[in-house]
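One structure is given here, and the rest of the page talks about it.
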Amino acid sequence: MVTLAEKGAYLINGRELVPEGPGEKEALRAKTGRDVSREEAAKNTIAYGILEAHNTSGDMKKLKIRFDKLTSHDITFVGIIQTARASGLTKFPIPYVLTNCHNSLCAVGGTINEDDHMFGLTCAKRYGGVYVPPHQAVIHQYAREMLAGGGKMILGSDSHTRYGALGTMAVGEGGPELVKQLLNQTYDINMPGVVCVYLTGKPQKGVGPQDVALAIIGAVFKNGYVKNKVMEFVGPGVASLSADFRIGVDVMTTETTCLSSIWETDSEIADFYEIHGRSGEYRELKPGTVAYYDGLITVDLDQVKPMIAMPFHPSNTYTIEELNVNLTDILADVEKRAAVSLDNAVEYSLRDKVKDGRFYVDQGIIAGCAGGGFENICAAADILRGSYIGNGGFTLSVYPASMPIYMELIKNGCAAAILETGAVMKTAFCGPCFGAGDTPANNAFSIRHSTRNFPNREGSRLQSGQIASVALMDARSIAATAANQGRLTAATEFDGPIGKYRYHFDAKIYENRVFDSKGIADPSVEIQFGPNIKDWPAMCALPENLILRVVSEIHDPVTTTDELIPSGETSSYRSNPLGLAEFTLSRKDPAYVGLAKDIQKAQMALMEGRCPAEEKPELKAVLDAVHTKYPDVKRENLGFGSTIFAVKPGDGSAREQAASCQKVLGGWANIANEYATKRYRSNLINWGMLPFLIGEGALPFANLDYLFFPGIRTAVEEKVPEITGYVVKDGGLSAFTVTLGELTDEERQIILKGCLINYNRVG
């Protein structure tokens, strides 16, 4: 089904593979009639060509990328624009689309959500952007329909910014990276590795894009095979997939922790652009005659079966057939893993959902950028046609990804077929993906064609004693399960027809409702602020010496951004930095906020000219111990704050608030064995936090310990490779070593200044 090569591979004429290793030169010479250099062949990937066209550094090893377009949604664009405004923004220099698909319920926090929308509309008018009102489209579907272009690059403040199937290399990052683009700065990365995803065969009936995606994720996530690399989809199997199918696989590449993705393009993609009235944006993309890849994933589409990703991660994958045959063992294993993820905070069970030897689920959701596509919903309608979901506890909700898709489903009768079953059709909304819509009952089990199934991702609140769980599945198998009133069923068991529907895109909906400035700014427009929209608090520069208190210690194998700052009920506070910070780590470590604020008092006292030890008497002993070895440390060259330790933090969302909330509570650093994603590490850096790395093994410190980092500012300035810190305990100093990893000169300056705002601040 999915196999991984131990080394790289060459691709000849887009179809024939030659594995890296002994005899590669001879094999290449025999097939091409010439000697082939690995370095030159590496330049023949699709990814290399696009990156080269957007690189401004002149050095393809050290990239400085300028993107063609930017996208954000309504729980990220307020903070981004506020940061850019504080840095002197006068006009959006490139097309910037503000969508409203996350914070669009307007049911939490009174009028807070709609205030954010009006902020976005007035900013689009003032600075020359595009504003997509709530319920019109989810961010990524609008980008596919209206923004993508062959050979283009798009940067979005949402982790699932992936339009590779359309020939667009797209990257999801935290808000500060978009701020840099708005200020005519660059996205700075080392040239990423490029991994070939070689597709063969054709999916069997009942197998959908989520099945293929989950099979790949299950094979590559845990071993980091594509981490921070570009996945390039090629091979004869590509032609067997529709544009919608490719899009459905592509959007899920985020869950592999890759940097981005790109696909070879053909007439199927040309047809997609023509349908959407943008045929001029199509560009044929394919690798050069001989292309070298840093890794090889081979996917035999014939062998892919309906998949399920069990709680609590998209990589926890099984075939549905395998699960149904081994229910007792697999469910027991999931319960065991869940106990670790949930810290045994609540009772969690799945085996009680087995009735007469079959597993029954409580809810089905087909939604968002992954599930809400036209073909997914049409296929679900065909499978559901003539069935009903029952009048018991099972529910099914379907969210088309855009209003044009919804309209076409009404016109072709698929919407009616779904509604007749007792299912509910809803408007475009990302809530089911991040915990703000269709929250199940306590201990309920939801199957969703969406992007993630982290703990509490479905909206339950662990701190209130509630837990439900999500499994990821394809829309087709969700429909087959719904047709059996909740009995887990693979769509390959459905023996009826699944039709092929022609899509007709109606642009009038957007023409009549979306505000498009056409890039023309109007400085006379007053920005509309709601009372919950707050400026970022003032942040100071990095001091020469730091005393940090460890205020959270997390030993889970991976810590998600949902655990660092929850989604769902916090969404209404994304435009209020201090209000949102109250939720930091609330689901993982409820003591964090109080402990962070407590040590922050010392820094506040310092900034006000008062003695920190008077604010926190225990600091006297800490300072006394520091002075035994470093007598020159004094108020003028000292700072106080907090840090957390996590084994591998930052998997999941691109949300910058996972870092900024720590910063506004006085956080100066994270300490980790590794960072799960580049985007989380970048968020830390852009908020002026030190991304410390420490070797695996027993930690030299524990939660609530004080750490002292002498000369940390000088160490950052002088690029010191190893940094000595001390655990301050029992009147003494115990040394340990950390590193900062690779930092660009600009990133060092951002940390030294204290944050990106300070780095760019005008006046």
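The values are calculated or read from the model by the stated rules, or taken from the named source; none is laboratory data. Since the model is a prediction, treat every value here as computed from it, not as a measurement. Here Cβ is always computed from backbone atoms with ideal geometry, including for glycine, and neighbour counts include all displayed protein chains.
For a quick check of your reading of the model, give me the residue pairs whose first member lies in the stretch 64-80 and is more than 18 Å from Gly151 (Cβ to Cβ), whose second is in a strand (DSSP E or B) and of a type in the set (Phe, Trp, Tyr), with beta-carbon atoms closer than 8 Å and at least 6 apart or on different chains. Correct list of pairs: Lys64/Tyr187; Ser72/Tyr96. Only residues that are assigned to a loop (DSSP other than H, G, I, E, B) and farther than 21 Å from Pro306 by Cβ were counted across the stretch 233-252, and they come to 1. None of Phe708, Phe701 is in a loop (DSSP other than H, G, I, E, B), buried (at least 21 other Cβ atoms within 10 Å of the Cβ) and aromatic (Phe, Trp, Tyr) except Phe701.
Of all residues in the stretch 17-38, those satisfying the criterion of being within 13 Å of Tyr293 (Cβ to Cβ) and either loosely packed, with under 12 Cβ neighbours inside 10 Å or charged (D, E, K, R) (or both) are Glu20, Glu24, Arg38.
Scanning the stretch 676-689 for any residue that is in a loop (DSSP other than H, G, I, E, B), touching a Gly at 6+ places or on another chain (Cβ under 7 Å), modelled with pLDDT of 95 or more and closer than 16 Å to Thr83 by Cβ turns up at least one such residue. Considering (1) aliphatic (A, V, I, L, M); (2) within 22 Å of Val664 (Cα to Cα); (3) outside any helix (DSSP H, G or I), the lone condition that Val716 does not fulfil carries the number (3).
Among the residues making up the stretch 413-432, those that are part of a helix (DSSP H, G or I), touching a helix residue (DSSP H, G or I) at 6+ places or on another chain (Cβ under 6 Å) and closer than 26 Å to Val132 by Cα are Cys414, Ala415. Taking the criterion of being without any contact (Cβ under 8 Å) to a residue 40 or more places away in the chain and either farther than 21 Å from Thr298 by Cβ or surrounded by 22 or more Cβ atoms within 10 Å (Cβ to Cβ) (or both), the residues of the stretch 237-272 that qualify are Val238, Ser267, Glu268, Ala270, Asp271.
What residue, among those in the stretch 335-352 that are in a helix (DSSP H, G or I) and among the hydrophobic types (A, V, I, L, M, F, W, C), is modelled with the highest pLDDT? The selected residue is Ala338. Of the residues making up the stretch 457-509, those that are small (Gly, Ala, Ser), buried (at least 17 other Cβ atoms within 10 Å of the Cβ) and in a loop (DSSP other than H, G, I, E, B) are Gly459, Ser460, Ala468, Gly486, Ala490. If you take the residues in the stretch 579-606 that are of a type in the set (S, T, N, Q) and within 23 Å of the chain's Cα centre (by Cα), which one is surrounded by the fewest Cβ atoms within 10 Å (Cβ to Cβ)? Here the answer is Ser586. Do the conditions hold for Ile154, that is, is it outside the structural domain of Gly248 (by TED's automatic domain parsing) and among the β-branched types (Val, Ile, Thr)? Answer is yes for this residue. Can you report the number of residues in the stretch 286-301 which are surrounded by 18 or more Cβ atoms within 10 Å (Cβ to Cβ) and in a strand (DSSP E or B)? Summing the residues that are surrounded by 18 or more Cβ atoms within 10 Å (Cβ to Cβ) and in a strand (DSSP E or B) in the stretch 286-301 gives 9.
Among residues of the stretch 83-104 being of a type in the set (S, T, N, Q) and outside any helix (DSSP H, G or I), the one that is modelled with the highest pLDDT is Thr99.
For the stretch 577-633, no helices (runs of 4 or more DSSP H) sit wholly inside it while including 1 or more residues that are of a type in the set (D, E, K, R) and at positive phi. Residue count for the stretch 353-381 satisfying the condition of being crowded, with 20+ Cβ neighbours inside 10 Å, outside any loop (DSSP other than H, G, I, E, B) and not aromatic (Phe, Trp, Tyr): 15. Filtered by the rule that a residue be under 14 Å from Ala309 (Cα atoms) and at pLDDT 90 or above, the stretch 453-488 gives Ser469, Val470, Ala471, Leu472, Met473, Asp474, Ala475, Ser477, Ile478, Leu488.
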